[in-house]
Amino acid sequence: MTNSHVLVGATAVPEQLTIRRIGFADLKDALRRGIDDFNAMPTHAIFLCAIYPVIGIVLAQLAFGYSILPLVYPLASGFALIGPFAALGLYELSRRRELGQEAAASHAFDVLQSSSIGAIAALGLVLLVVFGIWIDVAYNIYVANFGYAPPTSLSQFVHDVLTTQAGWTLIIVGNGVGLLFAALVLSIGVMSFPLLVDRDVGAAVALLTSIQAVAKNPLQFAAWGLIVAALLFIGSLPLFLGLTVVLPILGHSTWHLYRKVVDADFSPHPQPLPQPSEKRYAADFPVALLPWGKGK
């Protein structure tokens, strides 16, 4: 898969994509349709998303040990930063259901064999980098206010955050900076990943389309960002368990929001990648999953 395909997709000159203006009623309808998809495919959605918060907690515990407490809130809010990438399988399930096709759990992984996978991986890497930067920035904001010593207990941590000047500085500055990160990811990711699942347009075209969609509907997407933030907060209680319901609903809803905003009818659909006929060995496993490892 060439670099030009990753950037601009299947056509040397990408087809023009139409970006529509939407209203607040469209946000409500997209959310309603997302809930309907979740009700129709609850087992699939929970299977795909239940491991998402668990993996985040486990990785954070491995990385920070018992010093993770100050980062629990940044990690929970950070789910919004990688959510567009994590919901790829949900977009595919909603797409198939919309077309009246079978939508079994296994179909969620069809995107891994899509000709758009190179572009998807490139944008996914961007979101992972942004997520890592956010966690580092959030930790440094905490250190600037409370120092490097970890809290001795949960009660002491809550007391310090809610009843001291340093704690309120942490809340205000942390949420303000987090809002900037969320706005960045909303602009580059909210429409780009559903578009790449639906059409083979490349990372650059998908990225530009998402930015243009947000710029054309600033108030609507700001409201959508608030809806996402509120639902993620509710889903984080208790112990992130609610995310097993919130994440799939948001994923399905984002697909329907994309369908309302972007008209991509004149752009090519992704094609299944050709399967290699030669034998694959266990040592090839990590590389074989990458787009540039499929041309061997």
Being modelled with pLDDT of 55 or more and under 18 Å from L27 (Cβ atoms), is that true of even one residue in the range 271-280? no
When you look at L162, is it touching a Phe, Trp or Tyr at 6+ places or on another chain (Cβ under 9 Å) and exposed (fewer than 13 other Cβ atoms within 10 Å of the Cβ), yes or no? yes
One residue from F193, F181 being at pLDDT 90 or above, surrounded by 14 or more Cβ atoms within 10 Å (Cβ to Cβ), within 30 Å of L125 (Cβ to Cβ) and in contact with a Pro (Cβ under 7 Å, 6 or more places away or on another chain): F193
For N140, which of the numbered conditions (1) modelled with pLDDT of 90 or more; (2) more than 19 Å from S210 (Cβ to Cβ); (3) surrounded by 13 or more Cβ atoms within 10 Å (Cβ to Cβ) fails to hold? (3)
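If you take the residues in the range 199-250 that are touching a Cys at 6+ places or on another chain (Cβ under 8 Å) and surrounded by 24 or more Cβ atoms within 10 Å (Cβ to Cβ), which one is nearest to P270 (Cα to Cα)?
Step one: list which residues in the range 199-250 are touching a Cys at 6+ places or on another chain (Cβ under 8 Å), which gives 243-244, 247-248.
Retained after the next criterion (residues that are surrounded by 24 or more Cβ atoms within 10 Å (Cβ to Cβ)): 243, 247-248.
Numbers: L243: 30, L247: 25, P248: 23 Å.
Among residues in the range 199-250 that are touching a Cys at 6+ places or on another chain (Cβ under 8 Å) and surrounded by 24 or more Cβ atoms within 10 Å (Cβ to Cβ), the one nearest to P270 (Cα to Cα) is P248.
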Yes or no: the range 230-249 includes at least one residue that is at pLDDT 75 or above and touching an Asp or Glu at 6+ places or on another chain (Cβ under 7 Å). no
Of the residues in the range 98-108 that are closer than 16 Å to D36 by Cα and surrounded by 14 or more Cβ atoms within 10 Å (Cβ to Cβ), the one that is modelled with the lowest pLDDT is A103
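Take R95 and decide whether it is charged (D, E, K, R), surrounded by 16 or more Cβ atoms within 10 Å (Cβ to Cβ), touching a His at 6+ places or on another chain (Cβ under 9 Å) and modelled with pLDDT of 70 or more.
Details: charged (D, E, K, R): yes; surrounded by 16 or more Cβ atoms within 10 Å (Cβ to Cβ): yes; touching a His at 6+ places or on another chain (Cβ under 9 Å): no; modelled with pLDDT of 70 or more: yes.
Here the answer is no, as R95 does not meet what is asked.
The values are calculated or read from the model by the stated rules, or taken from the named source; none is laboratory data. Given the structure is predicted, the values throughout are model-derived calculations rather than measurements. When we count neighbours, we look across all protein chains shown, and the Cβ atoms used for this are built from the backbone with ideal geometry, even at glycine.
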